[in-house]
1. Among the residues of segment 326-347, is any crowded, with 23+ Cβ neighbours inside 10 Å, more than 20 Å from residue 95 (Cβ to Cβ) and more than 16 Å from the ligand (Cβ to nearest atom)?
2. Which of the residues that make up segment 20-30 are away from the ligand (no atom under 16 Å from the Cβ) and either in contact with a helix residue (DSSP H, G or I) (Cβ under 6 Å, 6 or more places away or on another chain) or in contact (Cβ under 8 Å) with a residue 60 or more places away in the chain (or both)?
3. Can you find even one residue in segment 2-19 that is within 16 Å of the ligand (Cβ to nearest atom), surrounded by 12 or more Cβ atoms within 10 Å (Cβ to Cβ) and modelled with pLDDT of 95 or more?
4. Out of 236, 213, which single residue is touching a strand residue (DSSP E or B) at 6+ places or on another chain (Cβ under 7 Å), within 15 Å of the ligand (Cβ to nearest atom) and either under 22 Å from residue 394 (Cα atoms) or touching a residue at least 12 places away in the same chain (Cβ under 8 Å) (or both)?
5. Working carefully through the options 299, 279, 267, find the one that is in contact with a helix residue (DSSP H, G or I) (Cβ under 9 Å, 6 or more places away or on another chain) and within 14 Å of the ligand (Cβ to nearest atom).
6. Suppose the filter is within 16 Å of the ligand (Cβ to nearest atom), modelled with pLDDT of 95 or more, more than 17 Å from residue 129 (Cα to Cα) and surrounded by 23 or more Cβ atoms within 10 Å (Cβ to Cβ); does residue 243 pass it?
7. State yes or no: is residue 367 more than 16 Å from the ligand (Cβ to nearest atom) and more than 19 Å from the chain's Cα centre (by Cα)?
8. I'm checking my understanding of the structure. Among residues of segment 342-358 that are under 11 Å from residue 429 (Cα atoms) and free of Cβ contacts under 8 Å to residues at least 40 places away in the same chain, which one is farthest from the chain's Cα centre (by Cα)?
Ligand SMILES: Cc1ncc(COP(=O)(O)O)c(CNc2cccc(C(=O)O)c2)c1O
């Protein structure tokens, strides 16, 4: 490997040559980026030798944890045998066949087919084209519009960013593209009415879909797309009544139900997929992140039998990517998914470490004066900073309390994400009870410091 440079050298060259995603490069270049050099288990090391607890599994993706030499070995071997070949022109290769077969085993019955991409965004774009192709084969080419939620995140391609409900992304690039509509998010803290039960709110939030369908015209609506739990929007967990009602509405108006499982997939909620946790059956769903635990880029769309049959009988589907089903990515994803299953990692999240994390998370943050909506399931959890717990009065966005808190975490070598004023965590699924205890004791210290800072700055 190339000889290591000093941290400052890395920082200078990074500032000179590298534009980071979702970053204000001016300010980043002034403060300098943190150089991450190694990972093992749930830990990262930076170029200064600091050991960091990764409470975010990278970007919600390193489900199996860092440092798996077996995955590296699988990649090396496949690179030597067949570093690349495509699946376009009537060819396939053993790795993509093995992975597709394994995915048919770990998904619920009735999901036998997968289409491959390189990322979650490409999977979402694939869904947009796939559902429109489906309805055109069905003789209803007018069913083109896809509905999703404000504050949902579905990637950063033109399609994914349009389907996502992040208005600050729409403003940059004149989005959304035509044929996309949004409804409110099922977040009780922000949308619930005083005195309204969670169950009633879930049904009311789902009814926004029916209203939107009637406004647009069911004969023009192709699909509804949603994350079982809104991830980058701040870990928004809908009431139990929400998804079954969404499913009922989609079936009533003959609209495809699509789950975006890029974050919730591969054990994050304790079930293999988020739709299993919430008890609904999407017609098709997107995967990425935990599919390979981030070791190599790969994504896909898992297709339910009825949609698959229609597409297969429908002739050419003119869509795909050079690296769709890339042999090395497929080999690593196969080894990763097999390990998640055969090492009982998903099962352990469901039975042991998930319930333990949720119990300890609520104990840790339930008593703070300015922390509310302490929530989570499996190994995805969050809480939200509020000015007043009783009235649910939020801070002004400009107070940027989330960033304040995240920076205190980072100073304590603990990575958690700030999504607005929600602090979110999604550690590798292999985290142990002992590691959960250690992570939470540091986090409590940081939250205490943040509350003190809020007082000192007169924000509370
Ligand atoms: C639900 C969902 N769908 C699609 C994507 C897009 O995947 P790709 O990035 O692989 O194209 C995502 C990705 N989610 C994501 C990506 C980058 C940052 C953050 C964050 O929370 O800061 C979240 C996602 O969370």
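The values are calculated or read from the model by the stated rules, or taken from the named source; none is laboratory data. All of these numbers come straight from a predicted model, not from anything done at the bench. So basically every Cβ, Gly included, is an ideal-geometry build from the backbone, and we count neighbours across all protein chains shown.
1. Checking segment 326-347: at least one residue is crowded, with 23+ Cβ neighbours inside 10 Å, more than 20 Å from residue 95 (Cβ to Cβ) and more than 16 Å from the ligand (Cβ to nearest atom).
2. Residue satisfying the conditions is 29 alone.
3. No; the residues of segment 2-19 include none that is within 16 Å of the ligand (Cβ to nearest atom), surrounded by 12 or more Cβ atoms within 10 Å (Cβ to Cβ) and modelled with pLDDT of 95 or more.
4. Values: 213 fails: within 15 Å of the ligand (Cβ to nearest atom).
Unique residue meeting the criteria: 236.
5. One residue alone meets the criteria, 299.
6. Spelling it out, residue 243 is indeed within 16 Å of the ligand (Cβ to nearest atom), modelled with pLDDT of 95 or more, more than 17 Å from residue 129 (Cα to Cα) and surrounded by 23 or more Cβ atoms within 10 Å (Cβ to Cβ).
7. Values: more than 16 Å from the ligand (Cβ to nearest atom): yes; more than 19 Å from the chain's Cα centre (by Cα): yes.
Taking the combined requirement at face value, the residue satisfies it.
8. Out of the qualifying residues, it is 344.
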